[in-house]
Structure formats: C-alpha cells, structure tokens
Amino acid sequence: MAIWKKIATIDDIPSNTNGESSYVSGDITNDWGGSDYSALNAAGKCYGESIQVGTAISFTAGKIYALTPSGWTIASQTTASHGKYLLAVATGTTTNAFPSNGMLIKGIIRLNTISGTDIKGSLLYLNTLGNATASVPTSSGAIVRPIGYSVDPTYHAVYFNPDTTWVELS
C-alpha cells in the first residue's frame, strides 16, 4: 500500500491577526518567509511532499534514497541505475520502518551531509552514500543528477526537487 502525504504548504498555515503566516508546531517547522531556516535544526527536518511506498528498511534522517524495483536503497552517484529511479530523502531515522513523515520527494529539507563548497542558491548533485555535493561529479561512470538547490548553507537546508534527467559520464 502506498501513502502520499502533503506535509504542508503556505495555504495550510493559518495567518495571525497581522496577516503573517504562523509557525507549524511539531517536527515540521519553518517560518514560511524563506529567511530563517533555524527550525530545520536536525537532519530530516522538512516541509514539502512525502510518500510511503515500497518496503520499509532502516533509514537515516537526511540521507537520499533511490526507490529501485527491489525497494529503497541508499542513493549513490557511483551506481548507474540510481540515475533513473525516484529519489527521496528520509525525514527520520528508523529501524525497519518508514519515518513518521515518510520520504520527502519535493520540498525544503535539512540534508545529512553536503560536500564541496555549499553556496546559497547553488545547484546540488547526488553524491555517494546518500549525500549531496556542490561539486559536479567528474569521475568516469559517475551519475550527474541535480537534486536541488542550496537554500541556507548554515543549516544544510536545500530545496529538494530532483531532476528527472541525468547523465552517466564515460
């Protein structure tokens, strides 16, 4: 059974008496103004769209996974087949279960690790071990697949929206 979950959008957040967006309480928090990502205080903290599909495994919050025909697996630029599969980020750390907020497929999330020089607004790529990199992969056989943009390097906050196109370097 597949579960799709819309975690939150700006339309879901009630306004206060000044017409400003209020905060969402619990694990999914953000100021919705785009200027302060301190609420993303741990890997996997997010807002956006998530799913629960496939077989649950042990997930690590903030890591990127590929949904393959055999199930979820940690994504890597060194595995050519990961270029063509759905990518998602674990919203929590679990043992043989889905994170309570599922697997983020699009939205703002704090990643576990971003290698390279992470600059606000810069394009990020799939790296190894479920991580992201600010550097374009150059190794023979590597997959070059953009996964989103850096939003706030201090908090490893990214706009996760993996491109559906990819290139395998020869």
Here is a check on your reading of the model: is N41 at pLDDT below 85 and among the polar types (S, T, N, Q)? no
As an exercise: evaluate S81 against (1) surrounded by fewer than 24 Cβ atoms within 10 Å (Cβ to Cβ); (2) part of a strand (DSSP E or B) and give the number of the one condition it does not meet. (2)
Scanning the range 119-133 residue by residue, the ones that are assigned to a loop (DSSP other than H, G, I, E, B) and closer than 18 Å to L104 by Cα total 4
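Answer with yes or no whether V24 is open to solvent by less than 10 Å² (accessible area, probe 1.4 Å) and either modelled with pLDDT under 90 or not in a loop (DSSP other than H, G, I, E, B) (or both). Write out each step before concluding.
Working: open to solvent by less than 10 Å² (accessible area, probe 1.4 Å): no; either modelled with pLDDT under 90 or not in a loop (DSSP other than H, G, I, E, B) (or both): yes.
In short, no.
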If you take the residues in the range 133-149 that are aliphatic (A, V, I, L, M) and out of contact with any Pro (no Cβ under 8 Å at 6 or more places or on another chain), which one is least open to solvent (accessible area, probe 1.4 Å)? A142
Only one of G54, G48, G34 that is modelled with pLDDT under 90, among the small types (G, A, S) and part of a strand (DSSP E or B): G48
Considering only residues that are outside any strand (DSSP E or B), without any contact (Cβ under 8 Å) to a residue 40 or more places away in the chain and under 17 Å from Y85 (Cα atoms), which ones fall in the range 134-168? D163, T164, T165
Answer residue from the range 84-94, given it is touching a Gly at 6+ places or on another chain (Cβ under 8 Å) and open to solvent by 10 Å² or more (accessible area, probe 1.4 Å) and is nearest to P146 (Cα to Cα) among those: T91
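So which of D152, D118 ends up being at pLDDT below 95, surrounded by 14 or more Cβ atoms within 10 Å (Cβ to Cβ) and out of contact with any helix residue (DSSP H, G or I) (no Cβ under 6 Å at 6 or more places or on another chain)?
Testing whether each residue is at pLDDT below 95, surrounded by 14 or more Cβ atoms within 10 Å (Cβ to Cβ) and out of contact with any helix residue (DSSP H, G or I) (no Cβ under 6 Å at 6 or more places or on another chain) leaves just D152.
Restricted to the range 57-78, and to residues that are small (G, A, S) and in a loop (DSSP other than H, G, I, E, B), which residue is most open to solvent (accessible area, probe 1.4 Å)?
First, the residues of the range 57-78 that are small (G, A, S): 58, 61-62, 66, 70-71, 75-76.
With in a loop (DSSP other than H, G, I, E, B) added as a condition, the list becomes 58, 61-62, 70, 75-76.
Numbers: S58: 60, A61: 12, G62: 1, S70: 114, A75: 0, S76: 14 Å².
Applying the filter and picking the extreme gives S70.
The values are calculated or read from the model by the stated rules, or taken from the named source; none is laboratory data. This one's a predicted model, so the numbers in the text were calculated from it and none came from an experiment. Cβ coordinates were reconstructed from backbone atoms using ideal geometry, including for glycine residues, and neighbour counts include every protein chain displayed. Accessible surface areas use protein heavy atoms only, side chains included; no ligands, DNA or RNA. Shrake-Rupley method; radii C 1.70, N 1.55, O 1.52, S 1.80 Å.
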